[in-house]
Amino acid sequence: MKALRTLFVSAAAVGLLVTAAQAQDKTIKIGALFPMSGPGSYFGAQDKQGVELALEQLNKAGVNGYKFVVQYEDSSCSPLPATQAAKRLIEQFKPDVIIGEECSDATLAVMPVVEQAKVPLLNAGSSSIKVTEPGNPWTFRIMPNEVMQGINLAENASKRMKAETAVLLFENTNAGIGNAQVFKENFTKAGGKVLAEIGFGRDVNDFTAIATRVAGLGKVDVIPTYTLEGQGLKITQALAQAGVTKGGGGNAIQIGTIWLPFGFEAKAGKAALGYIRIVQFDPTDTRDVAKNFASAFKAKYNADPTHLNAHAYDQVMLIADVVKRGGKDAQSIRDGLAATKGYSGVTGSVEFDKTNQNTKMDTIHYMETKPDMSWTSLKWN
Amino acid sequence: MTTTIVLQQAINGVVLGSLYVLVALGLTLIYGVLVQINFAHADFVTLGAFAAYFFMHLVGGGYILSIAVAFVVGAALGWLINAAIFTPLRHKGNELLPLIATIGVSVMMQNVMLAWFGPIPYAFETQYSNEVIRFAGIFVSWQSVIIIIVSILTIALLYAFMKFTFLGKALRAVAQDRETAGLMGINPNYLIMLTFVIASALAGMGGAMLAPVLVLTPFAGTSVIVKAFAIVIIGGFGNVEGTILAGLIVGLIESYTTQYLDPGLIDIVVFALLLVMLAIKPTGLISERREENV
């Protein structure tokens, strides 16, 4: 009898061990659609750093018995490769949730694919209003959209910067055109005048001709600029060479929404003097979550984090928060994301409206480039 | 003001056109001698740009010297790739193989550079980038002045080489008729190698000139190569003079389209011109008998 009891106890112990081991084997599969090639590939490189840091922290102990694994796919900041990458992810990796893309055109192309597969897409880098309007049950965005940013930027240009005239420079993409149009509507509503709207393709390298055109438009107060980092650098330098902006001895100030990473001003040099732009992450943020992220990032990579590092980290951490609240598969993670309330991430708070757009304005941070090419946080929001 | 703008855009167009010419000359040389399109040419441009960048930032060299370094790196790589890949394929007797190989070399070079240099754009600043000459409302950066001077010197030297040296004449002979040139004692393989070396050196140098202007990433060259192909077609395949003229015209079209129409229309205007040329004058801007190319 004693032997039988021992056998039962042993069997129960083994059973518990197996269950515990199985619990530890449970994984949440995250598909990552990041641009790893082409002009937007700097997004992917920095996103990956943020994701890897989050994974390292989360997988030390797991969340509710779940570990997190990520499969990266190169979506190239472009609709066709992004769609193919999303299909590859869904068919082969079978993710519980997908994060990405950065570029609006690519995200918009991916949305029908994830909707059909019923896999939630958590986006942190695409600003086009079309991503969340009229609303897609499977797509969530923690980044402030172009309307939130554009209204805020136009108001600040008018009221704080006392700007009366503007020239819009933007890449001819959904995000570029959309951002420019929102600014135009709200700036003119506030009494400002838009002197020119100049759109260009991503293959334009030399912006001297565009800067010459801007220089010929008379008094320009602000130049809202919407481009990726590479073209942004060249535009800023060309405008300074043409004597249009502060950096070149002129009066105009470049302004912008969330497009450029930290370090831009150091690369652009003195041409970037006075540039005011919205960033998604404020390294001077005093909240613990932001301070801890910055120090952990510095410890891992020996570099200061950019907003791209930060928002990629936030994406994974928000998914972990949903898993903590019971998320375990695509459907429950989608429902958990929709139910998010008062989540505080590195880039700001998160609470989704009925279109799955994050409504929190504390994700909008302003910074200004100083004469020594460092920057200062303006605390406008 | 209007005159100033017209003049300013003319200067902008000539500077941009000069850069395009530097890139397109190598393409047209290779086509002239080999009747082959080199799809990897853009990547020689990119590699030249990185060679100049690292020469300045790691070795601490000056910008002017970095142009020479990019020239040499381009030449060396051109020789290596021709010897290791293109020549063996050419000896197989199938003209298509080296053409396809240029696509393979292009993809390979892009990905090697992506692995080595990473995807984040490099800021290639020289002491001339932000130094601007201003007079009568016109502005020209010293970088632009250097671009024009180096382009003029390069074109003049290339022209002199082709017209007045034995090797240049031999190259033209191979371009006219490879087999007959061989019967006259000229070694076509040596001259094909020389063509690759010169074209790659020009591409490398073009990269060093372009680097402060364009966005320096492992894909930088691809952003200008499509225009360079268009310029070679508009100027006439294998026609050096036509390429120079077409390059300057495309540069000017870009500037004036930006000023008076919309920069978003640049490609439409340039490629419409390409189609018109193909339709009405497929031999290019400067007519020349195919046998006399290069």
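Taking region A:121-146, which residues are among the β-branched types (Val, Ile, Thr) and under 17 Å from residue A:83 (Cα atoms)?
A:131, A:139
One line per residue, one yes/no per condition, for (1) touching an Asp or Glu at 6+ places or on another chain (Cβ under 6 Å); (2) farther than 17 Å from residue A:42 by Cβ:
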residue	(1), (2)
A:55	no, yes
A:78	no, no
A:82	yes, no
A:89	yes, yes
A:94	no, yes
A:98	no, yes
A:101	no, no
A:108	no, yes
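Would you pick out the residues in region A:53-95 that are in a loop (DSSP other than H, G, I, E, B) and in contact with a strand residue (DSSP E or B) (Cβ under 6 Å, 6 or more places away or on another chain)?
A:59, A:75, A:95 - these are the residues of region A:53-95 that are in a loop (DSSP other than H, G, I, E, B) and in contact with a strand residue (DSSP E or B) (Cβ under 6 Å, 6 or more places away or on another chain).
Specify the residue that is farthest from residue A:93 (Cα to Cα); the eligible residues are those in region A:317-344 that are among the β-branched types (Val, Ile, Thr) and part of a helix (DSSP H, G or I).
Per the stated criteria, the residue is A:322.
Which one of the conditions (1) under 21 Å from residue B:249 (Cα atoms); (2) crowded, with 24+ Cβ neighbours inside 10 Å does residue B:46 fail to meet, given that it meets all the rest?
Of the numbered conditions (1) under 21 Å from residue B:249 (Cα atoms); (2) crowded, with 24+ Cβ neighbours inside 10 Å, the odd one out for residue B:46 is (1).
Look at region A:319-339 and say how many of its residues are within 22 Å of the chain's Cα centre (by Cα) and over 14 Å from residue A:139 (Cα atoms).
Adding up the residues that qualify gives 4.
Pick from B:68, B:52, B:101, B:75: which is within 21 Å of residue B:128 (Cβ to Cβ) and touching a helix residue (DSSP H, G or I) at 6+ places or on another chain (Cβ under 7 Å)?
None of the others qualify; the one that does is B:52.
Here are A:299, A:294, A:312: which of them is under 17 Å from the mean Cα position of the chain (by Cα), modelled with pLDDT of 95 or more, surrounded by fewer than 24 Cβ atoms within 10 Å (Cβ to Cβ) and not acidic (Asp, Glu)?
On the way: A:299 fails: under 17 Å from the mean Cα position of the chain (by Cα); A:312 fails: surrounded by fewer than 24 Cβ atoms within 10 Å (Cβ to Cβ).
Going through A:299, A:294, A:312 in turn, just one is under 17 Å from the mean Cα position of the chain (by Cα), modelled with pLDDT of 95 or more, surrounded by fewer than 24 Cβ atoms within 10 Å (Cβ to Cβ) and not acidic (Asp, Glu): A:294.
I need the helices (runs of 4 or more DSSP H) fully contained in region B:168-248, keeping only those with at least 3 residues that are modelled with pLDDT of 90 or more and touching a Leu at 6+ places or on another chain (Cβ under 7 Å).
The helices (runs of 4 or more DSSP H) meeting that bar are B:188-210, B:222-235.
Between a residue in region A:165-181 that is farther than 19 Å from residue A:253 by Cβ and assigned by TED's automatic domain parsing to the domain that holds residue A:253 and any residue that is of a type in the set (Lys, Arg) and not in a helix (DSSP H, G or I), which pairs come within a Cβ distance under 7 Å, given they are 6 or more apart or on different chains?
Here the result reads A:171/A:202, each pair linking region A:165-181 to a residue that is of a type in the set (Lys, Arg) and not in a helix (DSSP H, G or I).
Considering each residue of region B:125-152, count those that are more than 10 Å from chain A (Cβ to nearest Cβ), assigned to a helix (DSSP H, G or I) and out of contact with any Phe, Trp or Tyr (no Cβ under 7 Å at 6 or more places or on another chain), and give that number.
Result for region B:125-152: 7.
Here are B:155, B:192: which of them is within 19 Å of residue B:77 (Cα to Cα) and either in contact (Cβ under 8 Å) with a residue 24 or more places away in the chain or within 14 Å of another protein chain (Cβ to nearest Cβ) (or both)?
Only one candidate qualifies: B:192.
Could you please tell me which pairs satisfy a Cβ distance under 6 Å, a separation of 6+ or placement on different chains, a first residue in region A:40-53 that is more than 10 Å from residue B:119 (Cα to Cα), and a second residue that is part of a helix (DSSP H, G or I) and of a type in the set (A, V, I, L, M)?
Matching pairs, first to second residue: A:47/A:308; A:47/A:312; A:50/A:312; A:51/A:312; A:51/A:316.
The values are calculated or read from the model by the stated rules, or taken from the named source; none is laboratory data. Owing to the predicted nature of the structure, the values given are computational and were not obtained by experimental measurement. Here the Cβ is made from the backbone with ideal geometry for all residues, glycine too, and neighbour counts use every protein chain on show.
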